[in-house]
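Participant: Take this structure, written in C-alpha cells, and hold onto it; I'll ask about it next.
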Amino acid sequence: MTERGRQARERLRLEAARWFARGDQNAVIAKEFRVSLRSVQRWRRDWQAGGETALRSKGPASLPLLTDEQFAVLEHELAKGATAHGWPDQTWTLPRIKTLIGRRFHLSYTIQGVSLLLHRHGWSRQVPARRAVERDPAAVAVWVKDTWPQVKRARRRRADGWSSKTKPGSR
C-alpha cells in the first residue's frame, strides 16, 4: 500500500473510533465506511485495548530488505554475469538472482519479491538481442523436421461439427 493509501486508511480508522465512542454498532460502521464487518470488529478491539493510538498506522507492512548501497553491490555482481557466480550460462533468472541475494547478503526474498525489487530500481525483463553462440542451426533444422511433427499432434475434430461443450441436437 502506498503512503497516501496508508494515511487514508488511518483516517478511516480514526473516524471509526469516533463512532465507537458514540456507541454505534459494528454493522452500521462497516456499511457506512464500506469495509468488512471483520475489519470493524478488529478496529474496535484495538480501540478498546489502546485507544486511538492503537488505530494509527504503524508504517508499511514490509520495508525493502536491501538498502540502496546493497542494491548497488547487487548490480555490480549482476554485471559480472551468471557464469561468474557458478551457473552454466549467462542468463539471469529470478530464482538465480534470489539465490545470489541469499549468498551475498544472507537475506531471503521470494521470487515475486525479487521481481518487485528489480522493477522498483528500474530493471525490466529482457530477451537476448542475439542468438547464443552455442546454437547449432543444423541441429535445430533436424529437430524441426523430425521431432516437432511427433510432438505437435494434429487437432482432432468431430465430423459432425459439434464440440465437447455442446451436445448433439442442441444447436
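Participant: Tell me, what ³J(HN,Hα) does each residue in the stretch 77-85 have, in order and in whole Hz, if you take phi through Karplus 6.51 cos²θ - 1.76 cosθ + 1.60 with θ = phi - 60° and put x for Gly and Pro?
Facilitator: Once θ is set to phi - 60°, the couplings for the stretch 77-85 become 5, 5, 5, 5, x, 5, 5, 5, 9 Hz.
Participant: Right, here's the next one. Net charge near Glu10: determine it from the other residues with C-beta under 13 Å of the C-beta of Glu10, scoring Lys and Arg +1 and Asp and Glu -1. Provide the component values of the computation, followed by the final result.
Facilitator: Working: positive: Arg4, Arg6, Arg9, Arg11, Arg13, Arg56, Lys58; negative: Glu3, Glu15, Asp46, Glu52.
Taking every Cβ under 13 Å from that of Glu10, the sum is +3.
Participant: Same structure again: Going out from 0 in 5 Å bins, what whole percent of all Cα-Cα distances in the stretch 1-55 drops into each bin?
Facilitator: Spelled out bin by bin, the stretch 1-55 gives 4, 22, 32, 26, 12, 3, 0 percent.
Participant: Counting pairs of Cα atoms in the chain, how many percent are more than 21 Å apart?
Facilitator: On the way: 10335 of 14535 pairs.
Percent of Cα pairs beyond 21 Å in the chain: 71.
Values in this text are rule-based calculations from the coordinates and carry no lab data. Every value quoted in this text rests on a predicted model; they were computed, and no experiment measured them. Glycine also receives a Cβ, built like all others from the backbone with ideal geometry; neighbour counts cover every protein chain displayed.
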